[in-house]
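Scroll down for the structure; my scribbles are underneath it.
Taken together, the values in this text are just the output of simple stated rules run on the coordinates, not laboratory data. Bear in mind the structure is a predicted one, so any value in this text is a computation, not a measurement. Cβ atoms come from the backbone with ideal geometry, glycine included; neighbour counts cover every protein chain shown.
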Amino acid sequence: MIAQLLSHIGWHRYSASCAVALALAYMLLLMLANGLLTIELNVNVSANDLTESVSTRWLDGGLVTRNLLASLTQTQATLAFWPMQLGLLVFSGALCVTRNVTAVLLSAIMLGLVLALHQYVGDGSLSRFGAFSVVALYLTSVSVQLISAMRVRHQLADAFEQFVPPEVARQVVDDPATLENAESVRELTVLFCDVRGFTGIAEQLTPSQLTGLLNRYFDVVTRVVVRHRGTIDKYMGDAVMAFWGAPVASRDHAPQAVRAARDIQVEMAALARDFQLAQLPPIKVGIGVSTGESFVGHLGSSHRKAYTVIGDSVNVAQRLEKATREYGVDVIVSEATVEQDRDTAYRELGTLRLKGRERALRVYQPIGRRDQLSQSLREELAQHEQAMALMRTRQWLAAKPLILQLAETSAEKALYRNYLSHVIDALRPDAPGRQSA
């Protein structure tokens, strides 16, 4: 992708800049050759109190000469001069649309033609003029190419840093093969973030207000993802998809994604307060995080491709985001992600059966770093684990008081109200598999 961008953007900008630079260089050379412009270099050399003035002229081995005008009075030289000008004009135009090896080859061919012309005319001034012109035009095109490439790479790096960490952007721009060779099936962690109740929010705002709200939301999410070394895959309506582990491989892609998910929620809480002060609808987001093998690389048509991720982990992350509404929590993480993140404490939410998957998926809610949990939160999680163990064995009566207590003391009241509703349904006399304590 980056290689294609460098080639496409750089090509057009280089061609236009090179055409202007070579046209100016050619006009300068033509003016010098016709005597309309002369440049003299005077060098004073002191030796043994002797001062010598040296006038160096171009075709005599320096910059400018008037000998060419004299030689052009000869018939053969006069006839040869303008074909050489036509050749130089074509040569300069060809340099605008060629690069590197082709430009060197064209220069060699043009120098060969100059030498052949010298053999025909036998005029050293004319051949030196042609050789110098070829070198001058070639060096002009190389200079423009280098300047143009440096500007394009700098602009691409700035643009790419909006979607990936700065060090990754620099690595990919400096070596596009990093991205071109990144097409593979590998283990990645995918994050899917979506605004809750977006349809209702959109109905309350004008198009310009909605655009401003979305841009600020996207800016917050993107900033957090990039800060945690993730890559933005795409924006889909009010949803953002990001992934970790590519284009540059990472061993801790799962912990990075989980930390990003938690930081997004912190940033969104602050953004919601800003929206409220601005009399805009406060927004909340749900986030799903999933780890698994996925294909990462270029996908699309011959006209347009995108560097993206496809696979089961993408579908799971999207389904987990939707499940946040059912469980009443902000972030849900897959079991595979939890297994690779030993630094974070999690609350088990239960098992979730996703459509199209044979095996139910055990899901979790990230709480915080294990070494930073308060004693009260540790006790709450221990009580939660006890209640979950009782519910797994269908000991509803024993689980009910624990869940009632958690519903009163925990900050996740919506979650425990859902559990309590499930327990009450299970305790109904006609409930299947009812088991007493």
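The table below lists the values:
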{"quantity": "Shape of the stretch 306-437, Cα gyration tensor, a/c cut at 1.5", "calculated": "oblate"}
{"quantity": "Separation in nanometres of the label points that stand 7 Å from Cα toward Cβ, at Thr98 and Thr393", "calculated": "8.3 nm"}
{"quantity": "Spacing of the two label points (7 Å from each Cα toward its C-beta) at Glu326 and Val185, in nm", "calculated": "2.8 nm"}
{"quantity": "Potential extension, Ala411-Val20 segment - 0.36 nm per residue separation minus Cα distance", "calculated": "134.0 nm"}
{"quantity": "Among 295-307, 81-93, the order from most to least packed when residues are scored by Cβ within 10 Å on average", "calculated": "81-93, 295-307"}
{"quantity": "Ser374 versus Phe218: modelled label distance in nm, points set 7 Å from Cα along the beta carbon direction", "calculated": "3.8 nm"}
{"quantity": "Linear extension gain, Glu339 paired with Thr211, 0.36 nm per residue minus alpha-carbon span", "calculated": "42.2 nm"}
{"quantity": "Partners for Lys413 among lysines (Cα-Cα distance below 20 Å; same-chain residues under 8 apart left out)", "calculated": "Lys284, Lys322, Lys400"}
{"quantity": "About the Cα centre, charge dipole magnitude for the stretch 324-410 (Lys/Arg +1, Asp/Glu -1 at Cβ), debye", "calculated": "420 debye"}
{"quantity": "Under 16 Å from the Cα of Lys234 - lysines, other chains or at least 8 residues apart", "calculated": "Lys305"}
{"quantity": "Amide hydrogen neighbours beyond the local backbone of Arg196, cut-off 5 Å, H modeled", "calculated": "Lys284, Val285, Gly286"}
{"quantity": "Rg(Cα)/(2.2 N^0.38 Å) for the stretch 370-412, N = residue count", "calculated": "1.21"}
{"quantity": "Against the rule of thumb 2.2 N^0.38 Å, how large the Cα Rg of the stretch 182-371 comes out", "calculated": "1.02"}
{"quantity": "Most to least packed among 317-326, 404-413, 368-377, 232-241 [average Cβ atoms within 10 Å]", "calculated": "317-326, 232-241, 404-413, 368-377"}
{"quantity": "Whole-Å distance, taken between Cα centres, linking the stretch 206-261 and the stretch 383-434", "calculated": "35 Å"}
